[in-house]
1. Contour minus end-to-end for LEU55 and ARG102, with contour as 0.36 nm per residue of separation and end-to-end as the Cα-Cα distance?
2. How far, in nm, would the chain grow between ILE153 and ALA84 when pulled straight, counting 0.36 nm per residue and subtracting the alpha carbon separation?
3. I want the local charge near GLN214. Using Cβ-Cβ distances under 14 Å, sum +1 for each Lys or Arg and -1 for each Asp or Glu among the other residues.
4. Taking the mean number of other Cβ atoms within 10 Å as a proxy for protection, how do you rank 122-134, 31-43 from highest to lowest?
5. For the range 60-214, what mean projected area does the convex hull of the alpha carbons give, in nm²?
6. If I take every Cα pair under 8 Å that is 6 or more residues apart in the chain, average their sequence separation and divide by the length, what percent do I get for the relative contact order?
7. Among 51-60, 191-200, 77-86, how do they line up from the highest to the lowest mean number of other beta-carbon atoms within 10 Å?
8. How much net charge surrounds ALA112 when only other residues with a Cβ under 14 Å from its Cβ are counted (Lys, Arg +1; Asp, Glu -1)?
Amino acid sequence: MAYRYSPQGQYGAPLVPAVPTQSLLAQVLGITALGLCVTALAAWLFQGISPGLGLIAMLAGFILLISINATRRNEALSLLLFYAFTFLEGVGIAPVIGQYVRAFGPDVVFDAALTTGLGMFALAAIVYATGLDLRRFQGIFMIALLGLIVVGIVSIFVRFIHPETYAWLTLVIFSGLVLIDFARLRAGGDGLTAVQMATSIYLDAINIFLALLQIFGGRRSSN
């Protein structure tokens, strides 16, 4: 089920001193990339755990996610919490990845990861090359995401939406949020710290990856 980090500070008084855009971009991408590596390592190490333990890890990670925002003024602590969160996120999604590996082989995971990376790079390139700024539509995307979360919860008990349809909706919404996050990054972060920005982009990537995993897996199962 998709979820989203909502950092405080955007469109308000800056919480941190202004950072040159190129320097902020390098910091955010570096933090995000390392976080994704930590998640990949954790998912590989714990691929055999039960879904119940994975859920516990996700719930613990959600607590850390809230703590990242609460400790934004302490950059070192916030960064440590971020990497702890990415580790727990990897443990949480390990059962899902393991299920796809057993059903379709490791290629489906590799394809989803590669497509996620290339897709996010393309979206970031569009923002930086054209100056596209969708930040004014952030409220619309957040409402759409909230609706998606509600649908995801309801569909656990009542199957009224096809999983692949849900995956496509997730992909569309988070692709829009990627464009918003990189527009925010290009504008200097809107007063957010590098860790807050990295957390937001990291979650965009994870949700897009899981959506693509569902889509690619669904195609293989229908062949």
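1. Details: separation 47, 0.36 × 47 = 16.92 nm, distance 1.96 nm.
Between LEU55 and ARG102, full extension yields an extra 15.0 nm.
2. Values: separation 69, 0.36 × 69 = 24.84 nm, distance 2.61 nm.
Going from the current span to full extension adds 22.2 nm.
3. Working: positive: ARG219, ARG220; negative: ASP111, GLU164.
Combined, the nearby Lys, Arg, Asp and Glu give 0.
4. Values: 122-134: 14.2, 31-43: 19.5.
Ranking the peptides 122-134, 31-43 by packing returns 31-43, 122-134.
5. On the way: hull surface 39.4 nm².
Averaged projected area of the range 60-214's Cα convex hull equals 9.9 nm².
6. Values: 284 pairs, mean separation 81.7, N = 223.
It comes to 37 percent, rounded to a whole number.
7. Working: 51-60: 15.0, 191-200: 25.7, 77-86: 20.4.
Top of the packing list down: 191-200, 77-86, 51-60.
8. Numbers: positive: ARG219, ARG220; negative: ASP107, ASP111, GLU164.
Local charge sum for ALA112: -1.
Readers should treat all values here as calculations from the given coordinates under stated rules, not as data from a laboratory. As the structure is a computational prediction, the values presented were derived from the model and not from experiment. Backbone-built Cβ (ideal geometry, glycine too); neighbour counts: all protein chains shown.
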